[in-house]
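Visitor: I am attaching a structure below and will ask some questions about it afterwards.
The values are calculated or read from the model by the stated rules, or taken from the named source; none is laboratory data. Since the model is a prediction, treat every value here as computed from it, not as a measurement. Every residue, glycine among them, receives a Cβ derived from its backbone with ideal geometry; neighbour counts consider all protein chains shown.
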Amino acid sequence: MGKRETQEQQTLTTLLDKFLQQQDRILVQKTEMGGTEAYVGSVTLEWFASRVHFASALPLLRQKYNPETDNIEIDADTIDEIQQRPLDWSRQLPLTQYLATRKHHKFPPVLVVISQPWVDNPKAAEWDSHGKAITSTTDFITLDREGKVGLLNVAEADVTIYALDGQHRLMGAQGLMELLKTGQLPRYRKDKSPDGTSIKLADLVEQSHSQDANNLVSNNLQDIPQEKIGIEFICAVAAGETREAARRRVRSIFVHVNLMAAPLTKGQLAQLNEDDGFSIVARKIAVSHPLLEQRLNRKPRINWNSATIASKSTVLTTLQALKDMSERYLGQKFPHWKPWEKGLIPMRPEKKELEAGISDFWQLFDCLATLPSYKLLEDEDTPSLRRFNFEKDGGEGNMLFRPVGQVALAQALGVLVFKKGFKLKEIFKKLRKFDLEGGFSNMEYPQSLWYGVLYNPNKKRVQVAGKDLAAKLLVYILGGIEDRMERAELRKTLADARSVEDKTVGFDGQFVEPKEVGLPSVLN
């Protein structure tokens, strides 16, 4: 860089410092898309939390606004005025926890609208005789010849700012400020009614299982309010617009950003999640274990996006099922991998624990690969193994080819291995024999242990609700339930599962008294 360029840069730096010290003006870049001018900049989280309001409070959109919930009361009068997803206040705590405990936290930029008091006064001088705005609600001072870079007036006395996209991020930022100010944050239900409990700042330190998170909470939390978030400003009313035209434009943008964002499927979340230990382990096994990995000369064995398997699909399982298997198997050994409270974000496990989890889950799949049913995978005829006999082209009705059956088996094995001290190799000696004798097959027949449990005879389809009972039955037949009372309770639950109204189906297919339904023999 030459001497002249250096001098010019120093001059620019001096001028920028002068302008940026103005508290009520933000340096922004002007953009335009779809006829809407916008101004892009950044603000601190503290500024964002204190200066930005929820969109439902914007008078331009508001009809029946409830200040208690920050939502619009939807009724016949307001349904055409605004269409929005109501704010879900149960999300505030997880978002606040994310900011407070996650080292690499990141909120995407937010979209806000700038309004001024005159917008809601039809007699204001800013409206002409035809009801059109003489000026815009954004006050922009350009710093370059093309008018692309400049300063935006955000003085509190002049403008009010509302979030169009980013309302839950605003909620999380406000929660963080409250947590820092008062030392605790109330828990809310979806409608902002308090559930009577709160989380304390000290709880975040104590309950965060990662040492890194503990250090972050205790040492750096006070710095987070000064972190910057991207922000894009648009005007509530543009010059030349009537109030109604402005309302339609703002409402249209609001609806687009709120309703057209497609949420991630559970499968996509499992693909992307870098914090959930169970998802990380499931991905590792999915891409590298011989039973599941993608190979040139065979069809894929995993559905990566959907939680279900189409009837004609040749895949063995889904990524979502693998994540559930991982959680129900390894969760017995690493219960602290789960979020310490429902709705919160789990902490990424330490490297050594992840490696141990991957090793344990890998061993499980080594053993699963030895089951006779999975040996048939080489023929790539999984649809016939999955289908019920009464379906077109018939099938084996094998629970090992249904995600619900796979998850139930993993759950049972987790209990046996990590809670009861059983050895995987010994368990699979029994399971291979059980499989050879058809124990996993023909779920749709009364002779099957899974009839009424994983198979609903009334609806003639798989019954996901029976997953936990199936897991308990597997624990039982593998010798993991010795307590007489526990066995008696399991027998009664099984009889209930095989009952419809006042009729109970025995293992011979005949109607019997519920007490006549017994438990099968424990496997040798």
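Visitor: Which condition number in (1) touching a strand residue (DSSP E or B) at 6+ places or on another chain (Cβ under 7 Å); (2) surrounded by fewer than 22 Cβ atoms within 10 Å (Cβ to Cβ) is the one that Leu291 fails?
Guide: (1)
Visitor: For the structure I just gave you, tell me whether Leu170 is of a type in the set (A, V, I, L, M, F, W, C), touching a Ser or Thr at 6+ places or on another chain (Cβ under 6 Å) and either crowded, with 17+ Cβ neighbours inside 10 Å or at pLDDT below 90 (or both).
Guide: When the stated conditions are applied, Leu170 does not pass them.
Visitor: Still on this structure, please answer the following. Mind listing whichever residues of the range 61-115 are closer than 24 Å to Ala38 by Cβ, modelled with pLDDT of 70 or more and assigned to a loop (DSSP other than H, G, I, E, B)?
Guide: Of everything in the range 61-115, those that are closer than 24 Å to Ala38 by Cβ, modelled with pLDDT of 70 or more and assigned to a loop (DSSP other than H, G, I, E, B) turn out to be Leu61, Leu87, Lys106, Phe107, Pro108, Pro109.
Visitor: Okay, moving on. Run down Gln97, Gln116 and say which single residue is under 20 Å from Ile231 (Cβ atoms), touching a residue at least 24 places away in the same chain (Cβ under 8 Å) and out of contact with any Lys or Arg (no Cβ under 6 Å at 6 or more places or on another chain).
Guide: Gln116
Visitor: Which residues, taken from the range 465-524, are at positive phi and touching a residue at least 12 places away in the same chain (Cβ under 8 Å)?
Guide: Hits for the range 465-524 are Gly479, Gly509.
Visitor: I would also like to ask the following. Quick check on the range 107-149: of everything there that is touching a Gly at 6+ places or on another chain (Cβ under 6 Å) and under 26 Å from Arg169 (Cβ atoms), which residue is surrounded by the most Cβ atoms within 10 Å (Cβ to Cβ)?
Guide: Val110
Visitor: How many residues does the range 251-302 contain that are at pLDDT below 90, in contact with a helix residue (DSSP H, G or I) (Cβ under 9 Å, 6 or more places away or on another chain), over 24 Å from Lys338 (Cα atoms) and of a type in the set (A, V, I, L, M, F, W, C)?
Guide: 1
Visitor: Moving on. For the range 429-447, how many residues meet the condition of being within 35 Å of the chain's Cα centre (by Cα) and either among the β-branched types (Val, Ile, Thr) or more than 16 Å from Ala410 (Cβ to Cβ) (or both)?
Guide: 3
Visitor: Another question, if that's okay. Would you be able to say whether some residue in the range 183-192 is aromatic (Phe, Trp, Tyr), at pLDDT 85 or above, farther than 30 Å from Leu354 by Cα and within 22 Å of the chain's Cα centre (by Cα)?
Guide: Yes; the residues of the range 183-192 include at least one that is aromatic (Phe, Trp, Tyr), at pLDDT 85 or above, farther than 30 Å from Leu354 by Cα and within 22 Å of the chain's Cα centre (by Cα).
Every residue, every condition in (1) of a type outside the set (S, T, N, Q); (2) under 23 Å from Lys467 (Cα atoms); (3) modelled with pLDDT of 95 or more, yes or no:
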| residue | (1), (2), (3) |
| --- | --- |
| Pro349 | yes, no, no |
| Ser359 | no, no, yes |
| Lys375 | yes, no, no |
| Gly405 | yes, yes, yes |
| Ala408 | yes, yes, yes |
| Val415 | yes, yes, yes |
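Visitor: Which of the residues that make up the range 24-60 are without any contact (Cβ under 8 Å) to a residue 40 or more places away in the chain and in a loop (DSSP other than H, G, I, E, B)?
Guide: Gly34, Gly35
Visitor: Determine which member of the set Glu396, Glu426 is more than 33 Å from the chain's Cα centre (by Cα) and assigned to a helix (DSSP H, G or I).
Guide: Residue meeting the stated conditions: Glu426.
Visitor: Checking Leu201 against (1) within 30 Å of Trp337 (Cβ to Cβ); (2) modelled with pLDDT under 90; (3) touching a Lys or Arg at 6+ places or on another chain (Cβ under 8 Å): exactly one of these is not met. Which one?
Guide: The failed condition is (3).
Visitor: Which of the residues spanning the range 308-337 are in a loop (DSSP other than H, G, I, E, B), touching a helix residue (DSSP H, G or I) at 6+ places or on another chain (Cβ under 8 Å) and either among the hydrophobic types (A, V, I, L, M, F, W, C) or surrounded by fewer than 17 Cβ atoms within 10 Å (Cβ to Cβ) (or both)?
Guide: Thr308, Ile309, Ser311, Lys312, Ser313, Thr314, Val315, Leu316, Lys333, Phe334
Visitor: Continuing with the same structure: Right, Arg386: charged (D, E, K, R), farther than 23 Å from Lys284 by Cα and surrounded by 19 or more Cβ atoms within 10 Å (Cβ to Cβ) or not?
Guide: Criteria met by Arg386.
Visitor: Would you confirm, using the coordinates I've provided, whether Phe507 is among the aromatic types (Phe, Trp, Tyr) and in contact with a strand residue (DSSP E or B) (Cβ under 9 Å, 6 or more places away or on another chain)?
Guide: yes
Visitor: Out of the residues in the range 1-53 that are under 41 Å from the mean Cα position of the chain (by Cα) and charged (D, E, K, R), state the one that is surrounded by the fewest Cβ atoms within 10 Å (Cβ to Cβ).
Guide: This residue is Glu32.
Visitor: Right, here's the next one. Against the conditions (1) in contact with a Lys or Arg (Cβ under 6 Å, 6 or more places away or on another chain); (2) more than 23 Å from Asp324 (Cα to Cα); (3) crowded, with 22+ Cβ neighbours inside 10 Å, where does Leu494 fall short? Just the number, please.
Guide: It fails just one condition, (1).
Visitor: Within the set of pairs 6 or more residues apart or between chains, which connect a residue that is over 9 Å from Ser90 (Cα atoms) inside the range 174-200 to a residue that is in a loop (DSSP other than H, G, I, E, B) and polar (S, T, N, Q) with Cβ atoms less than 9 Å apart?
Guide: Ser193/Thr69
Visitor: Moving on. Scanning for something closer than 28 Å to Pro300 by Cα, part of a helix (DSSP H, G or I) and of a type outside the set (Lys, Arg), does the range 435-454 turn up at least one residue?
Guide: Yes - at least one qualifying residue is present in the range 435-454.
Visitor: Hey, among the residues in the range 33-63 that are touching a strand residue (DSSP E or B) at 6+ places or on another chain (Cβ under 7 Å) and of a type in the set (D, E, K, R), which one's nearest to Asn153 (Cα to Cα)?
Guide: Selected residue: Arg51.
Rundown of residues vs (1) over 21 Å from the mean Cα position of the chain (by Cα); (2) of a type in the set (Ser, Thr, Tyr), yes/no style:
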{"residue": "Val257", "(1), (2)": "no, no"}
{"residue": "Gly267", "(1), (2)": "no, no"}
{"residue": "Ala270", "(1), (2)": "no, no"}
{"residue": "Ala282", "(1), (2)": "no, no"}
{"residue": "Ser288", "(1), (2)": "yes, yes"}
{"residue": "Arg295", "(1), (2)": "yes, no"}
{"residue": "Ser326", "(1), (2)": "no, yes"}
